[in-house]
Amino acid sequence: MDSSHYYHTLTLFITLIGLCYGDRVLPDTLFGAVEGNVTFTTTLTPTNTPQFTISWSVNGTNILTFANNANKVSPAYQGRVTLDNFTGSLELRNLALNDSGTYSVSIVTQDITTLQGSMELHVLEQVSNVVIKASASDVVEFNSSVSLSCSSSGSSPSYHWLNGSSEVTASDNVQLDDGGSTLTIVNVTRYDQGPWRCNVTNPVSNDISQSFNITIY
């Protein structure tokens, strides 16, 4: 093998090493609350020296670049981001709904290995103001039906009903409609008087209503 072919092979080998990509640098999904903070935590083990370069972006728009031991932060993220130069993890603060998107990181390690990853951030409003309203508050046992509706503020709510301390599910005499926000009791009995509560959750918060009682004659 002549020397020129040897050096060409060696250069190709080093280049291939430098283009090795990490499949699981980031988890798939992260949830955050409006005005809260999140941290995009990489799977990298902290190093003794900073990574060679780190670049973060959202939906293709640059957030921050670390190179030559210095951070360059885009104006829209000034004061809102903190980078861990040793793992590539990024903290984003004071979240707004429009911070939702696909976040991507590209890291070049000190041994010139390139690692890349991306994940989805979903920013949600926290659940609040949970209120129960009833179609009737005074009913006759075995001769009446009553509907309880649960309303709330916040993003992507899930509804869970409680009668006393027991969670209520659909049955022969209980119907759940409108995504679970409306509960209808058919042919009420004395055991349906309550207290009823509505617990509303989403991935970043939960809130529960005041107790509501049905008067059954």
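Things worth noting here:
- Figure legend. Inter-residue proximity from the range 151-174: first residues on the phi > 0 side of the Ramachandran plot and in the same structural domain as Asn206 (by TED's automatic domain parsing), second residues buried (at least 17 other Cβ atoms within 10 Å of the Cβ) and not in a strand (DSSP E or B), beta-carbon distance below 8 Å, spacing 6+ or different chains. Indicated pairs: Gly154/Glu125; Gly154/Val127; Gly164/Gly194.
- All positions within the range 48-82 that are hydrophobic (A, V, I, L, M, F, W, C) and more than 16 Å from Leu121 (Cβ to Cβ): Phe52, Ile54, Phe66, Ala67, Ala70, Val73
- Being more than 30 Å from Gly60 (Cα to Cα), outside the structural domain of Phe66 (by TED's automatic domain parsing) and touching an Asp or Glu at 6+ places or on another chain (Cβ under 6 Å) holds for only one residue in Val140, Val200, and it is Val200.
- Residue ranges of strands (runs of 3 or more DSSP E) in the range 85-189 with at least 3 members in contact with a helix residue (DSSP H, G or I) (Cβ under 9 Å, 6 or more places away or on another chain) and within 30 Å of Leu64 (Cα to Cα): 114-124
- Residue count for the range 24-59 satisfying the condition of being loosely packed, with under 13 Cβ neighbours inside 10 Å and touching a strand residue (DSSP E or B) at 6+ places or on another chain (Cβ under 8 Å): 4.
- Flag for Asp207 being in the same structural domain as Phe66 (by TED's automatic domain parsing), touching a residue at least 24 places away in the same chain (Cβ under 8 Å) and of a type outside the set (S, T, N, Q): no
- Some residue of the range 176-186 being on the phi > 0 side of the Ramachandran plot, crowded, with 19+ Cβ neighbours inside 10 Å and under 27 Å from the mean Cα position of the chain (by Cα): no
- Flag for Ile107 being closer than 30 Å to Val188 by Cβ and crowded, with 17+ Cβ neighbours inside 10 Å: no
The values are calculated or read from the model by the stated rules, or taken from the named source; none is laboratory data. Please read these numbers as outputs of a predicted model, since none were measured by experiment. A quick note on method: Cβ atoms are made from the backbone with ideal geometry, for glycine too, and the neighbour counts reach across all protein chains shown.
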